[in-house]
Amino acid sequence: MSSPIADTRTDNIGRAIVLTLITIGVFGVQDAISKVLVQTYSPFQITMMRYWGFAAFSLVLVMRQAPLRQALNSKVPMWQVLRGVLLMADIWFFALALQTVPLGELQAITVVYPLLVTLFAIPILGEKVGIFRFAAVAVGFLGALVIVRPGGLPLDWGVLFALSSATLYAIYIVITRKVSQYDSAATSMTYAAIIGLVLSGVVGVFFWQQMGWGDFLMVVTIMGTTCAGHGLMVLALSMAPASVVQPFNYFSLPWAIVLSAVVFNHWIDPISLVGAAIIVAAGLVVMARERIKRVRVIADPRLPGQE
């Protein structure tokens, strides 16, 4: 069953783009606050509290559309459970990376995920990828190597956590595409919320530290920005197709660089910035080719859509 949002959408691309940029801005502030907190508290504790906000938002949104019991009725429950585990693990690794990797460099590494989506879609979805997209993926990974080159960002656990986060998120996206063939968006959102809530709580409780009022207010701000960010994202997607607003998600990179400089007094070095630009360019090429493929298939379903 399709999403009610998609069924009633009236495209308003200009507003959707603006809302997408605001969403990225909100999530960037959230990451900056999280980075401050994980210097004192366990990333597992901060992740648990952060996820409370996401779970609350998701479940309220779902219950406005359908009863929760109905939303839990999945045709592919094991795939849905795997999605929830992957999303939670992605957030854990990202929080661990926040401890040591500067915001700009961290965002530069994690934006490789669209390229990884292209690769994982081959075995999981059976997609065929042509020479153009393979070349773009190779160039994107070259950009990542520029960032972690000798003398660049140290290849330590933080970088490995960042790469793990991008990898897990890419697999999560591919599996989300797969389950969308069988389940509604409400069902996918419900499983992600409940599984993440359980996992983050089971692990986070063992890392609990008492918080001062100032730090607690920062956590409350994170929870608020989580709800606000996801709410703005849903609103943006109700106004325009995901393929239209997706390229603007790369605004997260310059925004992270600015926040890193303003909040943490750290500027990304020029060579790493070149590497980040290569990754973004490669990602945009992949998106463009995928969009061309979809247009060709819609125009003539008999075409294989390879490129």
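The values are calculated or read from the model by the stated rules, or taken from the named source; none is laboratory data. As the structure is a computational prediction, the values presented were derived from the model and not from experiment. With ideal geometry, Cβ positions are generated from the backbone for all residues, glycine too; neighbour counts draw on all protein chains shown.
List of remarks:
- Restricting Ala136, Ala166, Ala121 to those that are under 15 Å from the mean Cα position of the chain (by Cα) and assigned to a helix (DSSP H, G or I) reduces the list to Ala166.
- In the stretch 205-255, of all residues being among the hydrophobic types (A, V, I, L, M, F, W, C) and without any contact (Cβ under 8 Å) to a residue 60 or more places away in the chain, the one that is farthest from Val26 (Cα to Cα) corresponds to Trp213.
- Count of the stretch 33-52 residues, restricted to those that are part of a helix (DSSP H, G or I), more than 16 Å from the chain's Cα centre (by Cα) and either surrounded by fewer than 19 Cβ atoms within 10 Å (Cβ to Cβ) or not charged (D, E, K, R) (or both), is 10.
- Residue pairs whose Cβ atoms lie under 6 Å apart, separated by 6 or more positions or on different chains, with the first residue in the stretch 130-148 and among the β-branched types (Val, Ile, Thr) and the second assigned to a helix (DSSP H, G or I) and buried (at least 19 other Cβ atoms within 10 Å of the Cβ), are Val137/Leu115; Val137/Thr118; Val139/Ala282; Val146/Gly275; Ile147/Ala108; Ile147/Ser272; Ile147/Gly275; Val148/Val159.
- Check on Val26, out of contact with any Gly (no Cβ under 9 Å at 6 or more places or on another chain), modelled with pLDDT of 85 or more, among the hydrophobic types (A, V, I, L, M, F, W, C) and assigned to a helix (DSSP H, G or I): no
- Between Leu153, Leu116, Leu160, the distinction of being touching a helix residue (DSSP H, G or I) at 6+ places or on another chain (Cβ under 8 Å) and in a helix (DSSP H, G or I) belongs to Leu116 only.
- Residues of the stretch 63-113 that turn out to be part of a helix (DSSP H, G or I) and more than 30 Å from Gly28 (Cβ to Cβ), as a count: 8
- Failed criterion for Val174 (all others in (1) touching a residue at least 60 places away in the same chain (Cβ under 8 Å); (2) part of a helix (DSSP H, G or I) hold): (1)
- Only one of the numbered conditions (1) outside any helix (DSSP H, G or I); (2) buried (at least 19 other Cβ atoms within 10 Å of the Cβ); (3) modelled with pLDDT of 85 or more; (4) of a type in the set (A, V, I, L, M) is violated by Ala186, and that is (1).
- Hits in the stretch 53-81 - residues which are among the polar types (S, T, N, Q), surrounded by fewer than 21 Cβ atoms within 10 Å (Cβ to Cβ) and out of contact with any Pro (no Cβ under 7 Å at 6 or more places or on another chain): Gln70, Asn73, Ser74
- Residue check for Gly84: of a type outside the set (Asp, Glu), farther than 30 Å from Val262 by Cβ and exposed (fewer than 14 other Cβ atoms within 10 Å of the Cβ): no
- Of the residues making up the stretch 180-204, just one is within 28 Å of Ile24 (Cβ to Cβ) and without any contact (Cβ under 8 Å) to a residue 12 or more places away in the chain, namely Ser180.
Rundown of residues vs (1) farther than 19 Å from Ala192 by Cα; (2) among the hydrophobic types (A, V, I, L, M, F, W, C); (3) in contact (Cβ under 8 Å) with a residue 12 or more places away in the chain, yes/no style:
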position: Val76; (1), (2), (3): no, yes, yes
position: Leu87; (1), (2), (3): no, yes, yes
position: Ala97; (1), (2), (3): yes, yes, yes
position: Ile122; (1), (2), (3): yes, yes, no
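- Checking Val220, Val258, Val203, Val244 one by one, the residue that is assigned to a helix (DSSP H, G or I) and crowded, with 17+ Cβ neighbours inside 10 Å is Val244 and no other.
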